[in-house]
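*Asks:* Quick one: structure below, then a few questions.
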Amino acid sequence: MKNTQRLLTWILVAVMIVVSTVALVACVDKPEPTELTELTLPKLKDNQMAVIIKNGDNDYTSYVVTLGKAGTDATTGEGVIDYLCAEVGLEVIWEDSTYGKYLTAIGGAKVVKANEYVMIMTSVEKDKGNWAGVDTYVVDGVSIVYSQVGISEMSVEAGAIIYFEIATF
């Protein structure tokens with residue numbers, strides 16, 4: 001009888017561990033890519049931000065990223081990109097220069113000519129460039145502006161949009 005009770009106790013403990021593990025894994029909000037034919041903003045919850053990549057003409061990929069316990073604890077744009085690489089296999093190619101690290105490819109946006117670069121834009125007010133002629137998009141009422149900081153310093157906050165596309169100089 002005692003052996004049966006011990007066996008049942010161990011089985012109950014094992015079941016509780018499995019159920020707890022499944023519950024914890026289910027709480028992680030894994031970002032899924034959404035393919036778009038025009039630049040539109042995804043619906044975001046209070047603890048989410050978005051990364052949007054222009055892959056080519058009428059070809060965009062959008063990722064909704066949950067911030068905090070259910071997603072990432074990243075505090076910079078680079079941290080969010082690293083998170084997307086780890087969670088969904090986002091392809092990213094970094095290069096080093098005397099000015100620091102920079103992107104040459106992210107998702108379907110790839111530098112292929114000498115006069116091209118990955119332009120990084122943001123909706124976060126403190127990171128927006130404010131010089132004359134700065135590129136700006138207004139999408140669904142949100143202003144997305146060329147960033148005055150690099151991706152490694154870019155702010156992450158709920159509601160933020162980080163946008164990438166290939167530009168020329």
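*Asks:* With every protein chain left in place, what is the accessible area per residue of the range 55-105 in square angstrom, probe 1.4 Å?
*Replies:* Numbers: 2700 Å² over 51 residues.
Roughly 53 Å² per residue, with all protein chains present.
*Asks:* If you roll a 1.4 angstrom probe over the protein chains with everything in place, what fraction of the accessible area of the range 47-159 belongs to carbon and sulfur, to the nearest %? Mind showing how you got there, number by number?
*Replies:* Details: 2620 of 5620 Å².
Ligands and nucleic acids excluded, carbon and sulfur reach 47 percent.
*Asks:* Show me the trypsin sites (Lys or Arg not before Pro) within the range 47-106 that DSSP assigns to loop and that have at most 16 other Cβ atoms within 10 Å of their Cβ.
*Replies:* Working: sites: 54, 69, 101; in loops: 69.
Hits after loop and neighbour filter: 69.
*Asks:* Moving to a separate point now. If you add up the charges near residue 46, with Lys and Arg at +1 and Asp and Glu at -1, over every other residue whose beta carbon is less than 13 angstrom from its beta carbon, what do you get?
*Replies:* Spelling it out: positives minus negatives among the neighbours equals 0.
*Asks:* Taking a quarter of the surface of the Cα convex hull of the range 66-169, what do you get in nm²? Don't jump to the answer; show the numbers that get you there.
*Replies:* Details: hull surface 29.3 nm².
Quarter of the Cα hull surface area: 7.3 nm².
*Asks:* Count charges around residue 108 for me, please; just the other residues with Cβ under 12 Å from its Cβ, Lys/Arg as +1, Asp/Glu as -1.
*Replies:* -3
*Asks:* How much accessible surface area, in Å² rounded to 10, belongs to the heavy atoms of residue 30 with a 1.4 Å probe?
*Replies:* The accessible area comes out at roughly 100 Å².
*Asks:* Can you give the net charge of the other residues whose Cβ lies under 14 Å from the Cβ of residue 69, counting K and R as +1 and D and E as -1? Could the numbers behind the result be given before it?
*Replies:* Details: positive: 30, 45; negative: 29, 46, 73.
After counting each charged neighbour, the total is -1.
*Asks:* Using θ = phi - 60° and the Karplus relation 6.51 cos²θ - 1.76 cosθ + 1.60, list the HN-Hα couplings for the range 53-66 in order, rounded to whole Hz, with x at every Gly or Pro.
*Replies:* For the range 53-66, the Karplus-derived couplings read 10, 8, 7, x, 4, 6, 9, 10, 10, 10, 10, 8, 10, 7 Hz, x marking Gly and Pro.
*Asks:* Would you please name the GluC sites (Glu not before Pro) within the range 42-131 that are DSSP coil residues with at most 13 other C-beta atoms within 10 Å of their C-beta?
*Replies:* On the way: sites: 78, 87, 91, 95, 116, 125; in loops: 91.
Of the GluC sites (Glu not before Pro), the ones in loops of the range 42-131 whose Cβ has at most 13 other Cβ atoms within 10 Å are 91.
The values are calculated or read from the model by the stated rules, or taken from the named source; none is laboratory data. Everything numeric here is computed off the predicted structure, so don't read it as measured data. FYI the Cβ positions are ideal-geometry reconstructions off the backbone, even for glycines, and counts take in every protein chain you see. Side chains included, ligands, DNA and RNA excluded: accessible areas come from the protein's heavy atoms. Shrake-Rupley method; radii C 1.70, N 1.55, O 1.52, S 1.80 Å.
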